[in-house]
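Colleague: Sharing a structure here in structure tokens format.
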Amino acid sequence: MYETFDHTADLGLRICAPDLNSLFAEAARALFAALVENLDAVKPTRRLDLVVVGEDREYLLFDWLKELLYHFNAEHLLLSRFEVEVRSDGLQGSGWGEPFDPARHELTHEVKAITYHGLLVEQNDDGWLAEVIVDI
Amino acid sequence: MGKDTFHGPLERVDACCWRIPKSYKQGMRVDGLIFTDERLLEQLKQDQAPDQVANVAFLPGIQHASLAMPDIHWGYGFCIGGVCATDPNEGGVISPGGVGYDINCGVRLMRSNLFYRDVKPHLRALVDDLFRNVPTGVGRSGRYSFDKKELRCLLNEGSLYLLGRGLATPSDIEYTEAHGRLDGADPDKLSDRALVRGTDQCGTLGSGNHFLEVQVVDQIFDEVAATAMGLEKDMICVMIHSGSRGLGYQVCDDALASLRNAPKKYGIELPDRQLACAPIASPEGEHYIATMRAAANFAWCNRQLLMQQAREVFASVFGRSWQELQMNLIYDVCHNIAKFEEHAVDGKRKKVWVHRKGATRAFPPEHPEIPAMYRKIGQPVIIPGDMGRASWVLVGQPGSMEKTFGTTCHGAGRAMSRTAAVKDAAGRRIDKELEARGVIARAQSRKGLAEEQPKAYKNVDDVVEVVHRAGLSKKVARMRPIGVIKG
């Protein structure tokens, strides 16, 4: 589950999930939901596999989102479905989607970058919570 | 509006300046000084921006004070509207967060010999043509593409490279801050990712708050300065707001990644990871400076190519060449940049790194870096407002050198978060509302238009009033928008 929260100039993403794997998958969806109007209209026809290395969970989330954003920027690849396995030394993740098609997709924001400001990954009574602010 | 409101101390210094004393947080090396007035003060306490002013005061080598302009609002790391000068001889640092992701985001203003009465009958066609021909929005490629070798030259030479390609004139270079080129750029230090993102994005507007506007000179406040710039009442101008596109964002991203361990390595204590920095005289600091300069040069080329495309559209709509239409650049300023400048600090002249994060250089009359034509009036400062109300042309004043390291505000500053602005616009057609006010607006994204609606911003007139009264810069002309294109 994800939602946006108020940040004056930019956009805050708040993600909740029962476990760490789904937290990272949902965070990826939250990012693409900020980029494109109707995320469910993005067909899962192409697959992107990524490996991200790192022990710090907050930096790992940052790097995972940063990699996805790079692939969107360089290849105009929109992704809507994700599977992630978070390990102690990094993660292995896959995303499914398709290249941006102006006839079917409406892009909403240009996310310039993921920021470190207020970056948060923590466990609570309900599972896991992440917060990240993206620069618009 | 923000996650938390600010409850820290704000002491009145004078009618235009409030202080956050360095006793507020242990670790602050200097006070925070915010240029604002009674009216804007309440608004600025509504988010964490003042706290960010205090956080910047932690940076090693910071001089005088951590400063903020009246368009201050909550950013990431630095506040937007923040100014910080560091001295390399006092362990001063360079911080990519003090420049921002959009390196050399800035504004330029071009005049013409057309008046409102000439353009009004053709306005819709003009705006439609601009929207068709100037690439806007996310992921749009430009019509200019530079291979690796060309891109390298462009990153090295800035606007001068475009002069060689016949895409800029000597006068365009003359009226661009730093002549559209920072020395010491090193394109070889850019990552492949940054270069890939640069190949087809030069000459594209982008999204968010970037825009190209057709404006009318609404009111002149300083006849002498306006005449020097060739501005008259009712004259048509074009204002362009954009930056270094994906290339610049990538340069900042790469720098922040390489600086993750720098605070620990250099023993720097920081209250926010986004303030990551390194000593100016360190491998990490030097690397960032060389790549930041290359991205700044890219941004000037981007605005130059955007201006060229606008000139061509005007020529086609009005059936005369842009030279006949006298579409000359008045000035181009950057508002996200770090520059090595000479300033007086506590009565001593020294060279410092001035970080301007959403703040504009505003050098006073007689400053050697001002083009001869403007030497007597001061450096032109271009202040974009919102797309329904106004934008401004100011000139730098001596107060900027005394108080703010030669700096003034950069815009209206947001008053509403993006999510709040979208909620506020639910069920409304912002484009229709603007049309009723005489503004034709075209945007790729309706949500983008809602987020950027006039109400989402402070009134730029209030912001300009503060910098005018504080003696940082002086009002020359107020412009109102009549045509807007956005991403």
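The values are calculated or read from the model by the stated rules, or taken from the named source; none is laboratory data. Please read these numbers as outputs of a predicted model, since none were measured by experiment. Because the Cβ atoms are built from the backbone with ideal geometry, glycine has one as well, and the counts that use them run over all protein chains shown. To get the accessible areas, we keep the full protein, side chains included, count just its heavy atoms, and leave off ligands, DNA and RNA. Shrake-Rupley method; radii C 1.70, N 1.55, O 1.52, S 1.80 Å.
Colleague: Enter the mean number of other protein chain beta carbons within 10 Å of the beta carbon of each residue in A:56-69, as an integer. Walk me through the numbers before you get to the answer.
Modeller: Details: counts 1, 0, 1, 3, 0, 0, 4, 1, 0, 0, 3, 0, 0, 2.
Average neighbour count from other chains, rounded to a whole number: 1.
Colleague: Need one value for A:98-110: mean number of C-beta atoms belonging to other chains within 10 Å of its residues' C-beta atoms. Before the final figure, lay out each step's value.
Modeller: Values: counts 0, 1, 2, 0, 4, 0, 0, 1, 4, 10, 11, 9, 15.
That works out to 4 on average.
Colleague: Going by a ≥ b ≥ c, the root eigenvalues of the Cα gyration tensor, does the range A:1-68 fall in the rounded group (a/c under 1.5), the prolate group (a/b larger than b/c) or the oblate group?
Modeller: Details: a/c = 1.57, a/b = 1.06, b/c = 1.48.
Oblate is the answer for the range A:1-68, as a/c is 1.5 or above yet b/c matches or exceeds a/b.
Colleague: While we're here: Would you mind checking which residues have amide H under 5 Å from B:TRP392's amide H? H placed 1.01 Å from N; only 5 or more apart, or other chain.
Modeller: Placed amide hydrogens put B:ILE383, B:GLY385, B:MET479 under 5 Å from B:TRP392.
Colleague: If you don't mind, there's one more thing I want to ask. Pull up the cross-link candidates among the lysines for B:LYS423, meaning alpha carbon to alpha carbon under 24 Å and not fewer than 8 places away within one chain.
Modeller: Once the sequence-local lysines are set aside, what remains near B:LYS423 is A:LYS112, B:LYS3, B:LYS45, B:LYS432, B:LYS447, B:LYS455, B:LYS458, B:LYS486.
Colleague: Mind checking the angle between helix A:20-35 and chain A's longest principal axis? C-alpha axes, 0 to 90 degrees, to the nearest 10.
Modeller: The helix A:20-35 is inclined about 40 degrees to chain A.
Colleague: If we sort B:69-75, B:251-257, B:307-313, B:363-369 on the protection proxy, mean other Cβ atoms within 10 Å, highest first, what's the order? Please list the in-between numbers first.
Modeller: Numbers: B:69-75: 29.4, B:251-257: 24.1, B:307-313: 21.3, B:363-369: 15.9.
Highest-to-lowest ranking by the protection proxy: B:69-75, B:251-257, B:307-313, B:363-369.
Colleague: Rounded to the nearest 5, what % of the DSSP beta bridges within chain B are antiparallel ones?
Modeller: Details: 67 of 76 bridges.
Close to 90 percent.
Colleague: What ranking, highest mean first, results for peptides B:170-182, B:37-49, B:439-451, B:8-20 when packing means the other Cβ atoms within 10 Å averaged over each residue?
Modeller: On the way: B:170-182: 20.2, B:37-49: 18.0, B:439-451: 21.8, B:8-20: 16.0.
Output ranking for B:170-182, B:37-49, B:439-451, B:8-20: B:439-451, B:170-182, B:37-49, B:8-20.
Colleague: Sticking with this structure for a sec: Shielding by partners for A:8-21, please: the mean number of other protein chain Cβ atoms within 10 Å of each residue's Cβ. Show your work: numbers first, answer last.
Modeller: Details: counts 19, 15, 8, 4, 5, 0, 0, 0, 0, 0, 0, 0, 0, 0.
Across the residues of A:8-21, the mean count of other-chain Cβ atoms within 10 Å is 4.
Colleague: Give a residue-ordered list of calculated ³J(HN,Hα) values for the range B:449-457 (Karplus: 6.51 cos²θ - 1.76 cosθ + 1.60, θ = phi - 60°; whole Hz; x for Gly, Pro).
Modeller: Computed from phi, the couplings for the range B:449-457 are 5, 5, 5, 9, 4, x, 4, 6, 10 Hz.
Colleague: For the range B:228-233, just list the computed ³J(HN,Hα) in residue order, Karplus coefficients 6.51, -1.76 and 1.60, θ = phi - 60°, integers in Hz, with x standing in for Gly and Pro.
Modeller: 4, 8, x, 9, 10, 4
Colleague: Amide H of B:TYR331 versus every other amide H placed in the peptide plane: which residues, excluding those fewer than 5 positions away on the same chain, fall under 5 Å?
Modeller: For B:TYR331, the qualifying residues are B:LEU109.
Colleague: Right, here's the next one. Just the Cα atoms of the range B:287-366: what Rg and Dmax do they give in Å?
Modeller: Calculated on Cα positions, Rg and Dmax stand at 17.7, 57 Å.
Colleague: Taking both sides together, what accessible area is buried at the A/B interface, probe 1.4 Å, expressed in Å² and rounded to the nearest 100? It would help to have the intermediate numbers written out before the result.
Modeller: Numbers: alone 7180 and 17950 Å², together 21470 Å².
When A and B are taken together, about 3700 Å² of accessible area is lost.
Colleague: What shape does the range B:108-253 take by its C-alpha gyration tensor, where a ≥ b ≥ c are the square roots of the eigenvalues and a/c under 1.5 counts as rounded, a/b above b/c as prolate, and the rest as oblate? Show your work: numbers first, answer last.
Modeller: Numbers: a/c = 2.39, a/b = 1.62, b/c = 1.47.
Verdict is prolate for the range B:108-253.
Colleague: Here is a further query. Quantify, in whole percent, the carbon and sulfur part of the accessible surface of the protein assembly as shown (1.4 Å probe; protein heavy atoms only).
Modeller: Working: 10080 of 21470 Å².
Its accessible area is 47 percent carbon and sulfur atoms.
Colleague: Once the Cα gyration tensor of chain A is diagonalised, what are the square roots of 5 times its eigenvalues, in whole Å and ordered largest first, as equivalent ellipsoid semi-axes?
Modeller: Numbers: eigenvalues 97, 60, 36 Å².
Calculated on Cα positions only, the semi-axes equal 22, 17, 13 Å.
Colleague: Then there is this: Net charge within 10 Å of A:ALA30 by Cβ-Cβ distance, Lys/Arg positive one each and Asp/Glu negative one each, not counting A:ALA30 itself? Working shown, then result.
Modeller: Values: positive: A:ARG14, A:ARG29; negative: A:GLU3, A:GLU26.
Surrounding charge for A:ALA30 is 0.
Colleague: Rounded, prolate or oblate, given the Cα gyration tensor of the range B:380-437, with a/c below 1.5 counting as rounded? Each step should come with its number before you reach the end.
Modeller: Details: a/c = 6.54, a/b = 2.24, b/c = 2.91.
Since a/c reaches 1.5 but b/c is at least a/b, the shape of the range B:380-437 is classed as oblate.
Colleague: Let me ask something else about it. Computed on alpha carbon atoms, what radius of gyration and Dmax characterise the protein assembly as shown, expressed in Å?
Modeller: Here Rg and the maximum Cα pair distance are 22.9, 70 Å.
Colleague: A further question on this structure: Enumerate the calculated ³J(HN,Hα) couplings along the range B:308-322 in order (Karplus 6.51 cos²θ - 1.76 cosθ + 1.60, θ = phi - 60°), each rounded to whole Hz, writing x wherever the residue is Gly or Pro.
Modeller: 4, 5, 5, 4, 5, 5, 4, 4, 6, 6, 9, x, 9, 5, 5
Colleague: Could you give log10 I(q)/I(0) at q = 0.11 Å⁻¹ for chain B, computed by the Debye formula over C-alpha point scatterers of equal weight, without solvent?
Modeller: Here the Debye-derived log intensity ratios amount to -0.85.
Colleague: With axes computed from alpha carbons, what is the tilt in degrees of helix B:460-469 against the longest principal axis of chain B, rounded to the nearest 10 within 0 to 90?
Modeller: On a 0 to 90 degree scale, this one is about 60.
Colleague: Hey, if you put +1 on the Cβ of every Lys and Arg and -1 on every Asp and Glu Cβ in the range A:1-126, which of A:HIS7, A:LEU69, A:TYR116 ends up farthest toward the positive end of that dipole?
Modeller: The residue sitting farthest along the positive end of the dipole is A:LEU69.
Colleague: Counting only DSSP beta bridges with both residues in the protein assembly as shown, tell me the antiparallel percent, nearest 5. Intermediate results must be reported in sequence, preceding the final value.
Modeller: Details: 104 of 113 bridges.
Percentage antiparallel, nearest 5: 90.
Colleague: Oh, and also: Regarding the range B:415-487, what's the average projected area of the Cα-atom convex hull, expressed in nm²?
Modeller: On the way: hull surface 22.4 nm².
Its Cα hull, projected and averaged over all orientations, spans 5.6 nm².
Colleague: Would you mind calculating the relative contact order of chain B from Cα pairs under 8 angstrom and at least 6 residues apart, reporting the percent as a whole number?
Modeller: Numbers: 1234 pairs, mean separation 103.3, N = 487.
After rounding, I find 21 percent.
Colleague: How do A:3-10, B:151-158, B:183-190, B:478-485 rank on mean C-beta neighbours within 10 Å, highest first? Provide the component values of the computation, followed by the final result.
Modeller: Working: A:3-10: 20.0, B:151-158: 22.2, B:183-190: 17.1, B:478-485: 24.1.
Top of the packing list down: B:478-485, B:151-158, A:3-10, B:183-190.
Colleague: How much accessible surface area, in Å² rounded to 10, belongs to the heavy atoms of B:MET387 with a 1.4 Å probe?
Modeller: Approximately 10 Å² for this residue.
Colleague: Hey, what angle do you get for helix A:57-75 against the long axis of chain A, alpha-carbon based, 0 to 90 degrees rounded to 10?
Modeller: Between the helix axis and the principal axis of chain A, the angle is about 10 degrees.
Colleague: Which far-off residues, 5 or more places away or on another chain, put their amide H under 5 Å from the one on B:SER66, with H placed in the peptide plane?
Modeller: Residues meeting the amide H criterion: B:ASP31, B:GLY32, B:LEU33.
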